[in-house]
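Worksheet: one structure, shown below.
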Amino acid sequence: MNNYIKKIILFSIPINFIWEMAQMPLYKNMPWNLNTSLFCLIASFVDAAIILIIYFIVTLLLQDSYWILELKLKSILLSLFIGFILSVIAEKIAITNNMWSYSNIMPLLLNWNVGISPILQMLILPLIVFKLTQLKILKLLSS
């Protein structure tokens, strides 16, 4: 399992950094500069932690730390559900505490005033990270 954690972190940080940088126009006061890039890098580490939390919660629910080796419908649906819940909670906390605010081009989820982009981030990127981790682990096992 330790190898899984390392791989999840290894893949999560750069993938989330790219996402964070790409979604900057959806937030207020996020100009393209070094400070914003550093903010996005820090956010990428937080995103990696959230993806690890998703992994650990799915592991607990399935009682199987090796579920990542064979992504089945149940583990995918659990990952999606947990990613959705965690992203909504994180965004609500951030918006409530004025950590950031959305620009007028950020699409919002229904009446919740939560941005769709960060929700999509925690729906799409964990599955990509889990698949890349699976492929890397299986490659290491077969060599």
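What follows draws every value from the coordinates through simple rules; no lab data is involved. What you see is a predicted model; the values in this text were computed from it and never measured. Note that we place each Cβ from the backbone using ideal geometry, even for glycine, and neighbour counts take in every protein chain shown.
Holding the Cα-Cα limit at 22 Å, pick out from 7/139; 28/131; 6/28 the pairs that are longer than that. Before the final figure, lay out the partial values.
Values: 7/139 12 Å; 28/131 33 Å; 6/28 33 Å.
Cα-Cα > 22 Å for 28/131; 6/28; rest within.
Name the shape class, rounded, prolate or oblate, that the alpha-carbon gyration tensor gives for the range 46-131, where a ≥ b ≥ c are the square roots of its eigenvalues, rounded holds for a/c under 1.5, and otherwise prolate holds if a/b is larger than b/c and oblate otherwise.
Values: a/c = 2.59, a/b = 2.21, b/c = 1.17.
Prolate, because a/c is 1.5 or more and a/b exceeds b/c.
Would you work out the charge dipole size for the chain about its Cα centre, treating the Cβ of every Lys and Arg as +1 and the Cβ of every Asp and Glu as -1, and quote it to the nearest 20 debye?
Working: 9 positive and 5 negative charges, 54 e Å.
With Lys and Arg at +1 and Asp and Glu at -1, about 260 debye.
Quickly estimate the mean residue ellipticity at 222 nm for the chain, helices only: each DSSP H run with n ≥ 4 gives -39500 (n - 2.57), and the total goes over all residues, rounded to 500. Before the final figure, lay out each step's value.
On the way: 4 runs with 101 residues, N = 143.
That comes out to -25000 deg cm²/dmol.
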Check: So how far apart, in nm, are the two label points at residue 18 and residue 98 if each is 7 Å from Cα heading toward Cβ?
Finding: 3.6 nm
Check: How many nm is it between the label spots at residue 33 and residue 71, if each spot is 7 Å from the Cα in line with the beta carbon?
Finding: 3.8 nm
Notebook entry, point to check: Considering the alpha-carbon set of the range 64-107 alone, what are its Rg and its Dmax in angstrom?
Noted result: 15.2, 43
Check: Please identify the trypsin sites (Lys or Arg not before Pro) of the range 1-74 that satisfy two criteria: DSSP loop assignment and at most 12 other Cβ atoms within 10 Å. Which are they?
Finding: 28, 72
Item checked: Distance from the range 121-143 to the range 14-36 (C-alpha centre basis), Å -> 24 Å
Margin query: Suppose the chain between residue 84 and residue 108 were pulled fully straight at 0.36 nm per residue; how much longer would it get relative to their current alpha carbon spacing?
Written below: 7.3 nm
